[in-house]
Amino acid sequence: MKKQTPKQIPLTFEALMASIYENDRFLTEKFAETERIIKVQSAEALKEYAEIRQIFREQAAKNELERKEREQERERERKERERERKENERELKEKIAENDRIINNLSKQLGGMGNSNGDVAETYFRNSFAKSMYFAGQDFDHIDAPLKRKNKKLNLQAEYDIVMYNGASVAIIEIKYKVDKEDVDSTLEKVQVFKKLFPQYQDYAIYLGLAGLSIEANAEKKAIKQGIGIIKQVGDTVVINDAHLKAY
């Protein structure tokens, strides 16, 4: 049997145009569908991006709020520490001022007691020597109690508790409520000043004495070694230890 060849249909202009139109419509639809899909996907992507961005914004806002709250808390703590520091400083100043006031009052009281005790000692021994005018194994004719002298030319001044005189000797008696070692040194220094302030007694024998209601043992030993007489109160009696006296 003879094989038949498919019948060829002639392609007309109208058929060609119809084919082109059909292809164009198909492509247009495809492009439109693709564009729609792209728009939908883009919208979803934009929505997702906006949501993510919103989450980041909210988280950033939350972080910023927490940061500000931490800063505010630190500032409150700093102010509280500063308030406590100022309060402690104020209390410390008040305590220091109170302590100073107490110390000043105590110093005044002690100073008053010291002055009072000193006055008692001076009055007691001055009255005793004013009555006896006796020291260094000899009698004296005159007494100054106290004696002050200032020499402007020599730029010297001094005060002596008791000074007694006779024709050949001078007795200088220093009075302390409590005699210590430093009083021995100050008494020795006074005799040199006395000779400059009272040159008329340069050739006199000058005897020194330390009188006290209380005398430290070391001070007494030092005074005896330096040839200074020791005058004490024993009961109602004045006791004079002048056997070791040295003439200056």
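The values are calculated or read from the model by the stated rules, or taken from the named source; none is laboratory data. Please read all numbers here as calculations on a predicted model, not as lab measurements. Cβ placement follows ideal geometry from the backbone for every residue including glycine, while neighbour counts extend to all protein chains displayed.
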For the stretch 121-160, give me the residue count where each residue is without any contact (Cβ under 8 Å) to a residue 40 or more places away in the chain and assigned to a loop (DSSP other than H, G, I, E, B). 8
Just give me the residues in the stretch 190-248 being in a helix (DSSP H, G or I), within 20 Å of Met133 (Cβ to Cβ) and without any contact (Cβ under 8 Å) to a residue 12 or more places away in the chain, in sequence order. Gln200
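Kindly evaluate Val191 against the criterion of being more than 20 Å from Thr237 (Cβ to Cβ), surrounded by 15 or more Cβ atoms within 10 Å (Cβ to Cβ), at pLDDT below 95 and in the same structural domain as Asp236 (by TED's automatic domain parsing).
Yes; evaluated as a whole, the condition is true for this residue.
Quick check: anything in the stretch 62-70 aliphatic (A, V, I, L, M) and modelled with pLDDT of 75 or more? It would help to see each step written out before you state the result.
Applying the first criterion (aliphatic (A, V, I, L, M)) to the stretch 62-70 yields 65.
If we keep only those that are modelled with pLDDT of 75 or more too, we end up with 65.
Within the stretch 62-70, one or more residues are aliphatic (A, V, I, L, M) and modelled with pLDDT of 75 or more.
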